[in-house]
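Report on the following structure.
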Amino acid sequence: MIPDLTGKAGSLLDRRFVLNALLPALATLALAAAVAAQVSVGTGRALRRWDALNSGRQALVVVALIAATAILAGLLAANTSTLVRWHEGYWPTPAGRRLAALGRDHYRRTGAAGDDFPPQTRPEELMPTRVGNVLKAAEMYPRLRYGLDPVIVWPRLYPLLPPSFVTTIGAAKADLELYVVVSTLATALGVAGGITLAAGHAPAGLFLGWYWGAALLAAAVRHAAAGPARQYALQVRVAFDLYRADLLHRLDLPADPAMERATWQQLANLWQIGVPLTADATAETPQRPDLGAPGRFSAVPLRIWWWTLMVLTGLAGLALTRR
């Protein structure tokens with residue numbers, strides 16, 4: 001994954017922070033409070049109790065809500081890159097790796113091709129999600145076209161980008177992050193709220209509407225995230241196309257097209273393992289892993305597994321509400 005250098009929102013006045021962290025955090029806590037009120041005493045009684053509080057206690061509750069919102073928003077802003085990686089399909093747990101293998105095998109089976117996917121000659125680079133494949137294809141673009149490693153070159157290239165281009169690529173990344181944050185919060189709200197409603201024996205319609213509604217919202221936003229991911233991926237490609245020669249110029253290295261691949265290989269060796277630029281650059285021919293044939297379960301896309309899990313757990317929760 002290309003490092004995120006587009007800037008972290010650190011101020012309540014920052015538009016990116018407000019849209020991608022503060023407002024989603026506020027909406028999440030407000031909905032969580034509504035569920036808690038419904039389960040504990042009922043919404044109507046909770047509102048009457050609120051009206052009965054004096055202004056001092058109401059102010060304390062508002063201050064507590066503001067503090068909780070700021071903390072949650074700060075956590076979201078600090079971990080947005082991690083959430084993006086999760087949506088790409090980097091799932092490090094044993095169960096996550098197995099699920100990722102199913103997703104990759106599904107795309108292999110369907111012969112996924114185009115700008116949204118790594119080349120068909122590199123099936124080992126496929127990711128288990130659509131967003132992951134869009135960003136992986138953008139990451140592989142400079143590697144295949146120019147022979148450079150974007151992961152180690154990007155932190156050195158980014159400071160050389162013009163301010164207008166930094167603004168453009170930052171806006172594209174912020175759009176993607178908004179979708180990722182909303183999808184994550186919808187999933188968390190659906191699960192946590194569903195468990196709370198089921199344990200509190202809430203009405204069946206309320207439980208299913210909440211649980212499946214949140215699942216539908218999360219799935220729809222996750223699917224729509226491919227659009228902003230494409231815009232961000234396009235800007236990454238453009239950055240390497242237009243400004244990689246500026247980096248070579250700053251390093252006082254030749255930008256001769258005939259020598260460019262060897263130059264980038266030498267720089268990769270220098271930055272990764274400390275090999276001097278005077279050493280000979282040898283082209284690597286890595287052995288591609290034998291991926292074998294896709295398993296029979298890979299014929300089912302991950303979204304079907306997702307909805308199967310949501311339906312089954314929703315029905316299990318419905319049984320709890322009727323006890």
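Taking the range 243-255 as the search range and keeping residues that are hydrophobic (A, V, I, L, M, F, W, C) and without any contact (Cβ under 8 Å) to a residue 40 or more places away in the chain, which one is nearest to Pro118 (Cα to Cα)?
For the range 243-255, the residue satisfying everything is Ala245.
Tally the residues that are surrounded by 17 or more Cβ atoms within 10 Å (Cβ to Cβ), of a type in the set (S, T, N, Q) and in a loop (DSSP other than H, G, I, E, B), restricting the search to the range 88-135.
1
What number of residues within the range 81-136 are in contact (Cβ under 8 Å) with a residue 60 or more places away in the chain and of a type in the set (Ser, Thr, Tyr)?
The total comes to 3.
Against the conditions (1) outside any helix (DSSP H, G or I); (2) surrounded by 19 or more Cβ atoms within 10 Å (Cβ to Cβ), where does Ser183 fall short? Just the number, please.
Failed condition: (1).
Quick grid of which residues meet (1) outside any helix (DSSP H, G or I); (2) surrounded by fewer than 20 Cβ atoms within 10 Å (Cβ to Cβ); (3) in the same structural domain as Asn133 (by TED's automatic domain parsing):
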| residue | (1), (2), (3) |
| --- | --- |
| Ile152 | no, yes, yes |
| Thr167 | no, yes, yes |
| Gly193 | no, no, yes |
| Ala202 | yes, no, yes |
| Leu206 | no, yes, yes |
| Gly209 | no, yes, yes |
| Trp212 | no, yes, yes |
| Leu217 | no, yes, yes |
| Pro228 | no, no, yes |
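Going through Arg237, Arg130 one at a time, which residue ends up being charged (D, E, K, R), at pLDDT below 95 and closer than 24 Å to Ala77 by Cα?
It is Arg130.
Condition first: closer than 18 Å to Arg130 by Cβ and of a type in the set (Gly, Ala, Ser). Now tell me which residues in the range 228-255 satisfy that.
Listed by number, the residues that qualify are Ala229, Ala233.
Residue by residue through the range 245-283, note down the ones that are at pLDDT 80 or above and charged (D, E, K, R).
Asp246, Arg250, Asp252, Glu260, Arg261
Among (1) buried (at least 16 other Cβ atoms within 10 Å of the Cβ); (2) farther than 25 Å from Val181 by Cβ; (3) at pLDDT 85 or above; (4) of a type outside the set (Val, Ile, Thr), which single condition is Ala138 missing?
It is condition (2) that Ala138 fails.
The values are calculated or read from the model by the stated rules, or taken from the named source; none is laboratory data. Source: prediction; values computed, not measured. Ideal geometry is used to build each Cβ from the backbone, glycine not excepted, and the neighbour counts take in all protein chains shown.
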